[in-house]
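Engineer: Below you'll find the structure I mean.
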Amino acid sequence: MPSASAVGPAMDPIRDRLQRRRISLGLTFQAIAVRAGLRSASYVFHIENGQRVPSEAVAARLACALGEDERAFAAWARALQRADLRTVLDATRELLEDPELAAFAAGTWTPRMAEPERAARALSDAPASVASASFARLRIPVLETGDDPGAALKPACPVLRTLSLDARVLGDPETFVRPFAYVLGSEAAHRVPELEPGRIVILSRASGALDPGSTYAVRHGGRIELARLLWNGRELLVLPAPGASDFLVLPARDVEAMRACIAGRVARVLHPAQIS
């Protein structure tokens, strides 16, 4: 799998466009904030410099304040902020309808920022795969191993950091639904010994038929365990490691109860070297 490198602000043509347009109009951050009805000049500054990801509504208001394409700005925000692979890829396709952004994805776009030499050097030094993947990136929260993410898009537990991965190398978009990740410790996957300590496991919260060959994050005793599962229509059997006998039996009288026991399914296992 290719390395999933992060893309800095100088690599983002929408931020480049935001900065170029603001400077060409002679507007300060405060003036843009007033035009867009935003709470502060510093918020605009952090968006332009890649330190904040705006909502779709805020991105559209910024575009309107600058006389730019509201649809493109909204799609850009949607691609950056949503932890849903299908949404990211759909937003990317929408972005690439813009000729300048299509050129960026093809690797032929040249940044035109306040510091053009620095920006152009940053682009030329980056791998082609990074440039082409700048929009289609999936943001995945990394949780403390054993913490339960809950059911919402935003995890209900603390987030240690957020991975930003090239969405197009992850595979089937339906596989990654509201994903979250753990960095495995020595005891994190004792029921699935092939999951080595130090590996990063990405789990999807997509529901579906239980697959005996897959590894799941199962809720037990207020914590999450990684294990393979069997369901007989009344009980959920949490399987031990091969040769072990520490089976767990959880009540699950119907499909809804069975799914309530499961926080997610392991969709991808990465080596730390694949994340930069």
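Engineer: Report every pair of residues separated by at least 6 positions or lying on different chains whose Cβ atoms are under 6 Å apart, first residue within segment 180-198 and in contact (Cβ under 8 Å) with a residue 60 or more places away in the chain and under 17 Å from VAL142 (Cα atoms), second in a loop (DSSP other than H, G, I, E, B) and among the hydrophobic types (A, V, I, L, M, F, W, C).
Structural biologist: Partner pairs satisfying both residue conditions: LEU195/LEU184; LEU195/ALA189.
Engineer: In this structure, is LEU236 in contact with a Cys (Cβ under 7 Å, 6 or more places away or on another chain) and hydrophobic (A, V, I, L, M, F, W, C)?
Structural biologist: Taking the combined requirement at face value, the residue satisfies it.
Engineer: ARG82: among the basic types (Lys, Arg) and either under 23 Å from LEU170 (Cβ atoms) or modelled with pLDDT of 80 or more (or both), yes or no?
Structural biologist: When the stated conditions are applied, ARG82 passes them.
Engineer: Residues that are at pLDDT below 75, surrounded by fewer than 18 Cβ atoms within 10 Å (Cβ to Cβ), in contact with a helix residue (DSSP H, G or I) (Cβ under 6 Å, 6 or more places away or on another chain) and in a helix (DSSP H, G or I): does segment 53-70 have at least one?
Structural biologist: no
Engineer: Contact list please: Cβ distance under 7 Å, first residue in segment 212-239 and within 22 Å of ILE200 (Cα to Cα) and assigned by TED's automatic domain parsing to the domain that holds ALA188, second residue of a type in the set (Lys, Arg) and part of a strand (DSSP E or B), pairs at least six apart or on different chains.
Structural biologist: SER214/ARG265; TYR216/ARG265
Engineer: Here's something else I'd like to know. Pull out all pairs, ordered by first then second residue, where Cβ-Cβ is under 9 Å, the residues are six or more apart or on different chains, the first lies in segment 48-64 and is under 17 Å from GLN30 (Cβ atoms) and outside the structural domain of GLY37 (by TED's automatic domain parsing), and the second is of a type outside the set (Gly, Ala, Ser) and in a helix (DSSP H, G or I).
Structural biologist: Note: no pairs meet the criteria.
Engineer: Continuing with the same structure: For segment 119-145, which positions are buried (at least 17 other Cβ atoms within 10 Å of the Cβ), of a type outside the set (S, T, N, Q) and at pLDDT 80 or above?
Structural biologist: Answer for segment 119-145, where residues must be buried (at least 17 other Cβ atoms within 10 Å of the Cβ), of a type outside the set (S, T, N, Q) and at pLDDT 80 or above: ARG139, ILE140, PRO141, VAL142, LEU143.
Matching residues to (1) buried (at least 16 other Cβ atoms within 10 Å of the Cβ); (2) touching a Phe, Trp or Tyr at 6+ places or on another chain (Cβ under 6 Å); (3) not in a loop (DSSP other than H, G, I, E, B):
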| residue | (1), (2), (3) |
| --- | --- |
| VAL218 | yes, no, yes |
| LEU230 | no, no, yes |
| ASP246 | no, no, no |
| LEU250 | yes, no, yes |
| GLU256 | no, no, yes |
| ARG265 | yes, yes, yes |
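Engineer: Further question on the same structure: Test THR92 against the criterion of being of a type in the set (Ser, Thr, Tyr) and modelled with pLDDT of 70 or more, and give yes or no.
Structural biologist: So THR92 passes the test.
The values are calculated or read from the model by the stated rules, or taken from the named source; none is laboratory data. Every value quoted in this text rests on a predicted model; they were computed, and no experiment measured them. All Cβ positions, glycine included, derive from the backbone under ideal geometry; neighbour counts span all protein chains shown.
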